[in-house]
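Working notes for the structure below.
The values are calculated or read from the model by the stated rules, or taken from the named source; none is laboratory data. Predicted model, so just to flag it, every value in this text is computed and none were measured. Note that we place each Cβ from the backbone using ideal geometry, even for glycine, and neighbour counts take in every protein chain shown.
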Amino acid sequence: MDATIRPDVVIIGSGVGGGSVARQLAGSGAKVLILERGDFLPNEPENSDAEAVFVEARYRTLEEYQDESGRRYRPGQYYYVGGHTKFYGTAMFRFRESDFRAVAHEDGRSPAWPFSYGDLEPWYGEAERLFGVRGEAGHDPTEPPRADPYAHSAIPHEPVIARMAAELERQGLRPFHMPSAVDFGPGGRCRRCGTCDAFACRYGAKGDGEMRLIRPALKHPDITLWTKAQVMRLVAAPDGRIAAAEVMRDGEAVRVEASLFVLSAGAINSALVLLRSASEAYPEGLANRSGVVGRYLMNHHLTGLMGLLPFRVNDTKFPKTLSVNDFYHGLPEDAAARGNLQMLGNIQGPMIRAAYGWMPRPLANLLARHSVDWLCMSEDLPRAESRVRLLPGDRVEVAYHPGDRAAHDRFVRHVQRHLRKIFPAVLRHSFGIEGPSHQCGTVRMGEDPARSALDALCRAHDHRNLYVVDAAFFPSSAALNPALTVCAQALRVGAHLRDAWRAGAFAA
Ligand SMILES: Cc1cc2nc3c(=O)[nH]c(=O)nc-3n(C[C@H](O)[C@H](O)[C@H](O)COP(=O)(O)OP(=O)(O)OC[C@H]3O[C@@H](n4cnc5c(N)ncnc54)[C@H](O)[C@@H]3O)c2cc1C
């Protein structure tokens, strides 16, 4: 090691999880160092160029993962300050009350969380305020109770989306305005550029982890951010406490010692850091007495549907204003087939060609211009055999065996039947684990240390000064977008850490 640094608290990763904890610790008196393997995302024309983002994969990691057959691929992982929210679609949903309870599914059981929706409700409110979420309470039929209305009104539908809402209402459904973290409206930064979901925002209008969490936290003198600083391993002391992080900072090896470690590297990478930290005392990796680390990987069943409008160009700039939850708890005659329906961001020709390389450019562009694009999302069951593993030579294997595929398929076919009443043709595309956009579950919380790695406040059962605070903590995936739930729980954990720090709980 070339150098040793000693802050009070180390946060590994600057995504929603890490950024929310950093915001809570700002002003606590603790000196906090955030270690982020990526850099600030450059603001450049390519941010909103679909050819650069999808065909050239300009912002994606250069790493390779492999599946169980040994097939290698470049995963859709993005390493920047703010984490995956730099590219996210801004849908900011609360999970439903039932998502925190055990739920029976066709292929198994979705486990209960170690706390209830009510415990998280105040933190959901805080998360919405921090991210500037715009929404309209009272219209989503599955909406959980909330103490306060949204602080900002919902983003209005553009004409094509308003027509979709009217058509679905005519079919007896209850579409509602999707909650979204975009700084839209008079005085807002959104310029309606047409590229949002899966693109980085050039105007700072997207409520992402960099704009809403990291930049405000860095205004505080006790918060420091190192970019291009990848944590390779954590080192445990003989008493089980985490003593240090071994970091590669811009090609230089640095040892960072601290009293408290918050691992927020994202679900796949947090598991990898813990597995890579195996030692004689911890042969299966850190926080892994239960053997769950890396297992129970979930990503949602995600199916895109393109409704074709042969005689009309869809000129919508921001389509993600509409969602349908009528089927969240099951279809009328098939309770196991369930999920959320929401608009996808605008599909562009290069996105189609990135997935279907054989398709001629003019055809892909034509389909993109003449389609209205939807996303069907169902819960993905946690399964021990869905796992991230380290292979010899530090190769990463991602094995993925989601449960409930058949039930998701029936849900999608039901949605297609509704959409065929609006469109003459509906095309279908499945998103796989190669783009692990909703990755979660790999360092699960639970009450039983024999079956979980973390307690209800994300503290490692095995190491009292290690917390894992990112989507890795999810015991189940629900069927809604994860970022607001990561933020809410991270704010809750961060408040606990702030109080504990002030009470001297982490003194060596
Ligand atoms: C295209 C796309 C669209 C999405 N749309 C939505 C949406 O509309 N709504 C929604 O709720 N969710 C959406 N998501 C998912 C959402 O972005 C994630 O659930 C959320 O950002 C996860 O936050 P996190 O803190 O768990 O991890 P991450 O965002 O992955 O943050 C982890 C951070 O740690 C850093 N890191 C990793 N390894 C190391 C290491 N070893 N050392 C140091 N730093 C490290 C990473 O660079 C990253 O900055 C979308 C995701 C994608 C990719």
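Observations
- Yes/no for Glu284 being over 16 Å from His461 (Cα atoms) and part of a loop (DSSP other than H, G, I, E, B): no
- Close Cβ contacts (under 8 Å, 6 or more residues apart or on different chains) running from residues in region 315-337 that are at positive phi to residues that are within 16 Å of the ligand (Cβ to nearest atom) are absent.
- For Arg23, the requirement of being within 14 Å of the ligand (Cβ to nearest atom) and within 26 Å of Ala217 (Cα to Cα) is met.
- Considering region 394-439, and only residues there that are in a loop (DSSP other than H, G, I, E, B) and over 25 Å from the mean Cα position of the chain (by Cα), the residue that is farthest from the ligand (Cβ to nearest atom) turns out to be Pro424.
- Pairing residues of region 141-155 that are free of Cβ contacts under 8 Å to residues at least 24 places away in the same chain and more than 19 Å from Ser323 (Cβ to Cβ) with residues that are β-branched (Val, Ile, Thr) and surrounded by 19 or more Cβ atoms within 10 Å (Cβ to Cβ), at Cβ distances under 8 Å and at least 6 apart in sequence or on separate chains, gives Ala151/Val133.
- For region 195-243, a residue qualifies if it is of a type in the set (Gly, Ala, Ser) and farther than 28 Å from Thr4 by Cα, and the qualifying residues are Ala198, Ala200, Gly204, Ala205, Gly207, Gly209.
- Within region 263-278, restricting attention to residues that are more than 6 Å from the ligand (Cβ to nearest atom) and of a type in the set (S, T, N, Q), the residue that is nearest to Val9 (Cα to Cα) is Ser270.
- Of all the residues in region 296-323, those that are within 16 Å of the ligand (Cβ to nearest atom) and either under 14 Å from Leu344 (Cβ atoms) or of a type outside the set (A, V, I, L, M) (or both) number 13.
- Every residue from region 305-324 that is in contact with a helix residue (DSSP H, G or I) (Cβ under 8 Å, 6 or more places away or on another chain) and of a type in the set (Ser, Thr, Tyr): Thr316, Thr321
- Those residues of region 129-161 which are surrounded by 15 or more Cβ atoms within 10 Å (Cβ to Cβ), in contact with a strand residue (DSSP E or B) (Cβ under 9 Å, 6 or more places away or on another chain) and farther than 25 Å from Ala102 by Cα, in sequence order: Gly132, Val133, Arg134, Gly135, Glu136, Tyr150, His152, Ala154, Ile155, His157, Val160, Ile161
- Pairs are defined by a Cβ separation below 8 Å, a sequence spacing of at least 6 or placement on different chains, a first member in region 413-431 that is without any contact (Cβ under 8 Å) to a residue 40 or more places away in the chain, and a second member that is surrounded by 15 or more Cβ atoms within 10 Å (Cβ to Cβ); the pairs so defined are Arg420/Val426.
- Test: residue in region 158-181 that is at pLDDT 95 or above and under 30 Å from Thr227 (Cβ atoms): yes
- 2 or more residues under 30 Å from Arg129 (Cα atoms): qualifying strands (runs of 3 or more DSSP E) within region 163-271: 223-226, 260-263
Yes/no matrix, rows are residues, columns are (1) within 8 Å of the ligand (Cβ to nearest atom); (2) closer than 18 Å to Ala478 by Cα; (3) touching a residue at least 60 places away in the same chain (Cβ under 8 Å); (4) assigned to a loop (DSSP other than H, G, I, E, B):
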{"residue": "Gln77", "(1), (2), (3), (4)": "yes, no, yes, yes"}
{"residue": "Thr85", "(1), (2), (3), (4)": "yes, no, yes, no"}
{"residue": "Gly89", "(1), (2), (3), (4)": "yes, yes, yes, yes"}
{"residue": "Phe95", "(1), (2), (3), (4)": "no, yes, yes, yes"}
{"residue": "Ser98", "(1), (2), (3), (4)": "no, yes, yes, no"}
{"residue": "Glu121", "(1), (2), (3), (4)": "no, yes, no, no"}
{"residue": "Gly125", "(1), (2), (3), (4)": "no, no, no, no"}
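- Annotation: of all residues in region 338-381 being among the aromatic types (Phe, Trp, Tyr) and not in a strand (DSSP E or B), the one that is nearest to the chain's Cα centre (by Cα) is Tyr356.
- Of residues in region 4-20 being hydroxyl-bearing (Ser, Thr, Tyr) and either away from the ligand (no atom under 15 Å from the Cβ) or closer than 20 Å to Ile242 by Cβ (or both), the one surrounded by the fewest Cβ atoms within 10 Å (Cβ to Cβ): Thr4
- Identity of the residue in region 87-112, modelled with pLDDT of 95 or more and basic (Lys, Arg), that ends up nearest to Asn47 (Cα to Cα): Arg94
- Considering residues of region 486-508 that are free of Cβ contacts under 8 Å to residues at least 12 places away in the same chain and loosely packed, with under 14 Cβ neighbours inside 10 Å only, the residue nearest to Asn465 (Cα to Cα): Gly504
- First in region 44-70 and under 23 Å from Val388 (Cα atoms) and crowded, with 17+ Cβ neighbours inside 10 Å, second anywhere and β-branched (Val, Ile, Thr) and modelled with pLDDT of 95 or more, Cβ under 6 Å, 6 or more apart: Tyr65/Val396; Tyr65/Val398
- Some residue of region 191-207 being touching a strand residue (DSSP E or B) at 6+ places or on another chain (Cβ under 7 Å) and modelled with pLDDT under 95: yes
- Count of region 194-236 residues which are out of contact with any Lys or Arg (no Cβ under 7 Å at 6 or more places or on another chain), among the aliphatic types (A, V, I, L, M) and within 30 Å of Lys320 (Cα to Cα): 3
- Inter-residue pairs, beta-carbon under 6 Å, first on the phi > 0 side of the Ramachandran plot and in region 189-204, second polar (S, T, N, Q) and modelled with pLDDT under 95, 6+ apart: Gly194/Asn346
- In region 250-280, of all residues being of a type in the set (D, E, K, R) and free of Cβ contacts under 8 Å to residues at least 60 places away in the same chain, the one that is nearest to Val21 (Cα to Cα) corresponds to Asp250.
- All of (1) assigned to a loop (DSSP other than H, G, I, E, B); (2) of a type outside the set (D, E, K, R); (3) away from the ligand (no atom under 16 Å from the Cβ); (4) over 18 Å from Phe473 (Cβ atoms) hold for Ala384 with one exception: (4).
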